[in-house]
Amino acid sequence: MKNITNLRGIAAQLVEQVIDKGQSLSTILPPAQRKLNDKDRALLQELSFGVIRYLPQLDHIILQLMDKPMKGKQRVIHYLMMVGIYQLRHTRVPPHAALAETVQAAVFLKRQSLKGLINGVLRNYQRRETDFNINKVSESVQYLHPSWLIHRVKAAWPDTWISLLEANNSRPPMWLRVNQLHHSRDSWLTLLQEAGIAATTTDLSPQAVCLEKPAGVTSLPGFEEGWVTVQDLSAQRCSLYLDPQPGEVILDICAAPGGKTTHILELANTAKVTAVDIDEQRLSRVAENLERLKLNAKLVCGDGRYPDDWLGDEYFDRILLDAPCSATGVIRRHPDIKWLRRDNDISDLAALQKEILEAAWKRLKPGGILLYSTCSILPEENSLQVAAFLAAHPDASYQLLPGGTENGLQVLPSENGGDGFFYAKILKK
């Protein structure tokens, strides 16, 4: 695996696992990177993320270069050719190196007999590179999204749908959250500047810092000591809107990987926080984050729909429900979402959100606050969900957020801003 010629082959295998087997790239990429040096690790991420991001365009091009698509056990070679064309079209890898390494990857994939085919297709692409005008084909190829999702985004955001899809196809900024228990943002920024790393700040979160260029966490001052956490700006706003107070009893539902749990404790260090998630493996990430930041919370593996199964007779001053959703607001960070989601997932997710919201509400004390959030940009999961909840609950009172409407605050992904997120702050009368 340490041989660089294998990187293209590994990337092709990763893409195959995502597209043909429904695996999440964020789950399968880290184990593949583990045995690589930093440079190869970064290149493998660039290749696999890039192919997933540009999938319809690369597919469209390959189908024009071949008589018939590759199927069955040879399908991995189709994805390898995508890796090759992606390098030639979208990276600064020298063309001769991209070509040679991609052809050689056929050996790693035990498809040595197909080296000639791969070489022929990639050289044909080089000769005809200017022939491929993706602006005169289907919207899916043009905007790099499945047609069902384009239709939904168009319906929800008729005036801005193109810029939204383009934002999804961009590279996300790297946002950090300074741990105020250790440093003010300004004092930590001084340390960052001394380390030669350029960054900017925002008024939307007093702890947020945006790096001008992404950096490895080991280069960040005090990362191991818990002085700073990688967390998107929009995700940071969840805990800020929840506004936890010292000594309160707080429930964080669907808490993994723990960014919001730890932020709550940084804002209100003496709060008694219970963090719940249905996935035991993901819950271990919450434990790791708490340990690095030297914070304490009660961790529970449980289904948010059935709190009676994992809670005693406990009730809470505040509840943060970052509900399971389509994740259509974080596609720029997780481009595989475009191909893992299906149109009918949206109604299924909305039904699940409603169940968890109803169950959580019963565990909120009178006078308590529930913050409902998603990383979605679709109204079915957001404003429509909240409107239906408020209509059904006379004991619920909506708290208007700055810039929001009577059914919540929708933030859309933006180039130098945060991811797409939705927030609704609800008071129990």
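Structure notes:
- On the stretch given as region 335-392, residues that are within 20 Å of the chain's Cα centre (by Cα) and either hydroxyl-bearing (S, T, Y) or modelled with pLDDT under 95 (or both) total 4.
- Candidate set from region 154-180 (those that are surrounded by 17 or more Cβ atoms within 10 Å (Cβ to Cβ) and more than 16 Å from the chain's Cα centre (by Cα)); member that is nearest to Q142 (Cα to Cα): W161
- A single entry from D252, D317, D313 fulfils the requirement of being surrounded by 24 or more Cβ atoms within 10 Å (Cβ to Cβ), acidic (D, E) and outside any helix (DSSP H, G or I): D252.
- Checking each residue in region 351-382 for being free of Cβ contacts under 8 Å to residues at least 60 places away in the same chain, surrounded by 21 or more Cβ atoms within 10 Å (Cβ to Cβ) and more than 15 Å from I319 (Cα to Cα) picks out S376, E381, N382.
- Extreme residue, surrounded by the most Cβ atoms within 10 Å (Cβ to Cβ), among residues of region 86-106 that are hydrophobic (A, V, I, L, M, F, W, C) and in contact with a helix residue (DSSP H, G or I) (Cβ under 7 Å, 6 or more places away or on another chain): A105
- Scan region 216-239 for residues that are buried (at least 19 other Cβ atoms within 10 Å of the Cβ) and not small (G, A, S) and the total you get is 10.
- The listed residues are L220, L191, and the only one of them that is aliphatic (A, V, I, L, M), in contact (Cβ under 8 Å) with a residue 40 or more places away in the chain and not assigned by TED's automatic domain parsing to the domain that holds L371 turns out to be L220.
The values are calculated or read from the model by the stated rules, or taken from the named source; none is laboratory data. This structure is a prediction, so every number in the text was calculated from the model and none was measured. We place every Cβ from the backbone using ideal geometry, glycine too, and count neighbours over all the protein chains shown.
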